[in-house]
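The values are calculated or read from the model by the stated rules, or taken from the named source; none is laboratory data. Everything quoted here is computed from the prediction, not taken from an experiment. Quick reminder, even Gly has a Cβ in these numbers, built from the backbone with ideal geometry, and neighbours come from all protein chains shown.
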Amino acid sequence: MKTSKFLPAILIALAFITVQSLAQDALEYKFAKGKTYLFSTVTSSNMTQEMGGQEMKMSQGNRFLLRALVDEVKNGSAVLLVSADSAVTHSKNPMRDTTMVLTDLIGKRMKITVSKSGDILDRQVVDSVTFGGQMRGAQRELLSLLVLPVKPVKQGDKWNLTKNDTVDQMGGKIFTSTQFEFSHAGKENKLGHNCVRINFTAKISTNGNMKMQGMELFVEGGGKVSGTLYFDPDKGIPILVDSQTDTETTMAATGQQQMTIPISSSQKATTTLVQE
């Protein structure tokens, strides 16, 4: 029996492909002390709410240029000073169409401590924003990072994560639980970087209470998220994140004026690294 002279080369090629498919990526954030990273964040959302039998539709768009200065790196965690270089919001509803430059927010710093996996370990306000509660919320969430797996993963691997958060809002607190499922979708070049592509989905549940014009509002709802993260494993930084979030929420007012307000919302968001 004759053996093809091409067989050894074919076997080597198959072995290489197998090794490549089984290669694991250790994914972690590697923010370098003293460096400044600039991110562009663009969001657009549409919301429909019904109150007193009348339906109201609203839309909003935001454009932020975010600056993250790495103040310190200790025990693998990075301390970032995050601020907005520019911040513009556009809102439209049946009563008005408004574009605003959020001058009260620009340059105001938030110090966050981030673990290697992307967990926010600590938040501190460095420069207070004296605008309303909505603006303080915007300052708190200027830079959002997806949490990475704590162990190396390879193409095809999936992992889960539950994230719980509490936000002070309009005299009350809103509690949110998000259950993520991530999957390693292989390697892809994105914006000149050799990236790992991570697809993700999530289920959201929200509840809490707020106060508005003397009324107490109880909030309950849920929704779903889908998106993609392109992550440069060598540099340890996110290059691009795309996401779509759809939610259904109900606000119930108690007191002299009792009403139930159903709200449907849909939001698209893109965050892109523009300078490192």
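Okay, here's what the table says:
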| quantity | calculated |
| --- | --- |
| Residue 272 vs. criteria hydroxyl-bearing (Ser, Thr, Tyr) and modelled with pLDDT under 95 | no |
| Test: residue in the stretch 171-179 that is in contact (Cβ under 8 Å) with a residue 24 or more places away in the chain, assigned to a loop (DSSP other than H, G, I, E, B) and either touching a helix residue (DSSP H, G or I) at 6+ places or on another chain (Cβ under 9 Å) or buried (at least 17 other Cβ atoms within 10 Å of the Cβ) (or both) | yes |
| Residue list for the stretch 20-31, filter: loosely packed, with under 14 Cβ neighbours inside 10 Å and under 23 Å from residue 121 (Cβ atoms) | 26 |
| Hits in the stretch 184-212 (condition: modelled with pLDDT of 90 or more and among the basic types (Lys, Arg)) | 187, 190, 197, 203 |
| Residue in the stretch 46-69 that is within 25 Å of the chain's Cα centre (by Cα), at pLDDT 85 or above, surrounded by fewer than 17 Cβ atoms within 10 Å (Cβ to Cβ) and on the phi > 0 side of the Ramachandran plot present | no |
| Leading residue by the ranking (modelled with the lowest pLDDT) among those in the stretch 16-42 that are touching a Lys or Arg at 6+ places or on another chain (Cβ under 7 Å) and either in a loop (DSSP other than H, G, I, E, B) or hydroxyl-bearing (Ser, Thr, Tyr) (or both) | 23 |
| Selection count where residues are within 27 Å of residue 56 (Cβ to Cβ) and in contact with a Gly (Cβ under 7 Å, 6 or more places away or on another chain), scope the stretch 90-118 | 1 |
| Among residues of the stretch 69-106, those that are touching a strand residue (DSSP E or B) at 6+ places or on another chain (Cβ under 6 Å), assigned to a strand (DSSP E or B) and closer than 25 Å to residue 145 by Cβ, counted | 18 |
| Where residue 271 falls short, out of the listed (1) in a strand (DSSP E or B); (2) closer than 26 Å to residue 216 by Cα | (2) |
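Every residue, every condition in (1) crowded, with 18+ Cβ neighbours inside 10 Å; (2) over 20 Å from residue 54 (Cα atoms); (3) out of contact with any Leu (no Cβ under 8 Å at 6 or more places or on another chain); (4) modelled with pLDDT of 95 or more, yes or no:
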residue	(1), (2), (3), (4)
214	no, yes, yes, no
217	yes, no, yes, no
225	yes, yes, yes, yes
250	no, no, yes, no
255	no, yes, yes, no
264	no, no, yes, no
268	no, yes, yes, yes
